[in-house]
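All remarks here apply to the structure that follows.
We did not get these values from a lab; they are worked out from the coordinates using the rules stated. It should be emphasised that the depicted structure is a prediction, and the values quoted were computed from it without experimental measurement.
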């Protein structure tokens, strides 16, 4: 089971995510990020995009994954209601996001995220559970 919570930060937004495995952690982090941008309950899942990112180890991979998801929003206006990560290897993450193009008349827009920061960014394994802390520049 995956879970996330928003954490307090002075000027930006942050999340902490927990999951049983890395694919679930990455999926939950992506959904949490999109949930900060828009009300996920208002997003349909008719459209899907295959997403891949590369990096060296879990921290770089999660950062690259979230940056790629944010690029889909910033460039194409795509907001995802769900993320499905099929694999996380030592240097690559692959998945599919399902959602639709942002429509301000229908979707509950919350906030604009400018970037995924490295400030206090962390991925760790503790007691058999994966965790991540991410701060977003708003």
Can you tell me the relative contact order of the range 96-138? Whole percent, Cα pairs under 8 Å, sequence separation 6 or more.
38 percent
GNM on the chain, Cα springs under 10 Å; top mean-square fluctuation among 81, 64, 20 goes to 20
So what is the relative contact order of the range 3-137, in percent, for Cα pairs below 8 Å that sit 6 or more residues apart?
32 percent
If you line up the long axis of helix 22-37 against the longest principal axis of the chain, both from Cα atoms, how many degrees apart are they, to the nearest 10?
30 degrees
Translational diffusion of the range 42-122, µm² s⁻¹ [Kirkwood Rh, Cα pairs; Stokes-Einstein; 10 °C; 1.306 mPa s]:
118 µm²/s
Largest-first principal axis extents, alpha carbons of the chain, Å:
44, 34, 26
Mean residue ellipticity at 222 nm from the helices of the chain, using -39,500 (n - 2.57) per DSSP H segment of n ≥ 4 over the full residue count, to the nearest 500 deg cm²/dmol?
-9000 deg cm²/dmol
Rounded Å value of the spacing that divides the Cα centres of the range 83-138 and the range 29-48
11 Å
